[in-house]
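Everything below concerns the one structure shown next.
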Amino acid sequence: MTLDRYMLRLWLGPFAGGLILVLGVLLLGRTLKLLGTVSDSGQAWFLIAELLTLTLPYFLLLTVPMAFFLSMQNTIASLQQSSEMDALRAAGLSYTRMFRSFFLLVFLLWGSLSYTSMVLLPEGQLGFNNILTKIYALKGVITFSPQRFTQGFDGVTVYVDGEDDQGVYHGVIMEDHRDGLSVIYSAQSARFDMTGNAISGNNLELHMNHGVRLEGQGADQRMLAFESYQVAIPVSDGKWQERKSSDHVTMMTPGELWQAMQQDAPGALAEWNRRLLLPTTVLILFFFALPLSITQKRSGKASSMIAGIALLVIIYNLQLMFHRQVNQGVFPGWSMWLEQSVLLLYGLYLWKRAEADRLPVFFSHVAGAVSILYQWIIHRLARRIGKAE
């Protein structure tokens, strides 16, 4: 028990510090994006605080596994650099015994993140969209936050990557499911204009350039490439209705999402699997922490931490890619589980190899290469700083 408490103390400080730091950066970035949307309101900072609170479930699903993994790597690397790991191994302790407290910890985190993903995440998404809907209705105009899905009107979801000084959006994706059939538009650029009058009503006109139109799913999917395309969406100026959880799969409760999945609703299967699989990331990272952190002492912590960050990038990009493919009907739903299972099994395999002191030689070569690259970068930076002085 003394060893378990010691390990947890070594881990807890970096975990708390890393979590607060990463969350702070994410929340600051989101604050800057929201400030332009709510700055006209007399309660701008109150609205921003409420919106940030509603985004916390999503941010926690991303940052908790990262902070857990990197702080565990830091703990293992510190023990190795100080030769404490060698002493424990010489005393006959296995790696599994050394880090047994982390087995319980990782399952507690997995359970907490599962509740966050299945319950708190859709509740936060619903509340976030309702507040934005009220803000847009009061302003009388429609704007789109870069790198965020906007569901401000019924049956249409819009994503934009960014906006230039002329008000032209770039990297635009729009899903139109008003008629029960998902139609996806992807365009390099687009301009959004409000048109209409009191008699005919208001329309949001999308003038898209250089893109494709996808209709249907799987083998029945049809694609149309276009140089320019225009879509008109009826909207109610200042009279937007409050969003309901059933309006979009990202806001559905687990029960609603299950029913939508049984009815083959677009994206329901992908969203169901995404919510279940996101928390398992912490399990995968746990088993990779040991094999990626056991490096030669001369390499220091840098090589293991760089390898860990590279693994994080790979895992999250794989998850995003498979989710998109399943959402578009290209891959079956079980492919998301296959991807996570392969990573988990490989992590278990590497843990067992590390336990037997038989890690693949590839890991030593990579660690050495990363260490040399790190030292070269530090040396070049030191020389430049010296010249500048």
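Could you list, in sequence order, all residues of the stretch 310-334 that are in a helix (DSSP H, G or I) and exposed (fewer than 14 other Cβ atoms within 10 Å of the Cβ)?
Just the residues of the stretch 310-334 that are in a helix (DSSP H, G or I), to begin with: 310-327, 334.
Residues satisfying the conditions are Ala310, Val313, Ile314, Asn317, Leu320, Met321, Arg324, Trp334.
Checked against the criterion of being more than 21 Å from the chain's Cα centre (by Cα), modelled with pLDDT under 90 and of a type in the set (Val, Ile, Thr), the stretch 13-36 contains not a single residue that satisfies it. Against the numbered list (1) at pLDDT below 90; (2) assigned to a helix (DSSP H, G or I); (3) under 29 Å from the mean Cα position of the chain (by Cα), Leu285 comes up short only at (1). Among helices (runs of 4 or more DSSP H) entirely within the stretch 70-141, having at least 3 residues that are exposed (fewer than 14 other Cβ atoms within 10 Å of the Cβ) and in the same structural domain as Gly308 (by TED's automatic domain parsing) singles out 84-90, 100-115. The residue of the stretch 148-177 that is modelled with the highest pLDDT, among those that are part of a loop (DSSP other than H, G, I, E, B) and surrounded by fewer than 13 Cβ atoms within 10 Å (Cβ to Cβ), is Asp164. Scanning the stretch 59-87 for residues that are modelled with pLDDT of 85 or more and under 15 Å from Glu355 (Cβ atoms) returns a single hit, Ile76. Of all residue pairs spaced 6 or more apart or on separate chains, those with beta-carbon atoms under 6 Å, a first member in the stretch 345-358 that is assigned by TED's automatic domain parsing to the domain that holds Leu93 and surrounded by 13 or more Cβ atoms within 10 Å (Cβ to Cβ) and a second member that is among the hydrophobic types (A, V, I, L, M, F, W, C) and part of a helix (DSSP H, G or I) are Gly347/Ile284; Gly347/Phe287; Gly347/Phe288; Leu348/Phe287; Trp351/Phe287; Trp351/Leu290; Ala354/Leu290. Among residues of the stretch 298-323 that are within 30 Å of Leu269 (Cα to Cα), those with a beta-carbon under 6 Å from a residue that is modelled with pLDDT of 90 or more and of a type in the set (Asp, Glu) at least six positions away or on a different chain give the pairs Leu318/Glu339; Phe322/Glu339.
Taking the listed residues Leu52, Leu21, Leu61, the one that is touching a residue at least 40 places away in the same chain (Cβ under 8 Å), assigned by TED's automatic domain parsing to the domain that holds Leu320 and assigned to a helix (DSSP H, G or I) is Leu61, with no other qualifying. Inside the stretch 233-275, residues that are at pLDDT below 75, on the phi < 0 side of the Ramachandran plot and not charged (D, E, K, R) make up a count of 8.
The values are calculated or read from the model by the stated rules, or taken from the named source; none is laboratory data. In this text, all values refer to a predicted model and were calculated from it rather than measured experimentally. Cβ atoms come from the backbone with ideal geometry, glycine included; neighbour counts cover every protein chain shown.
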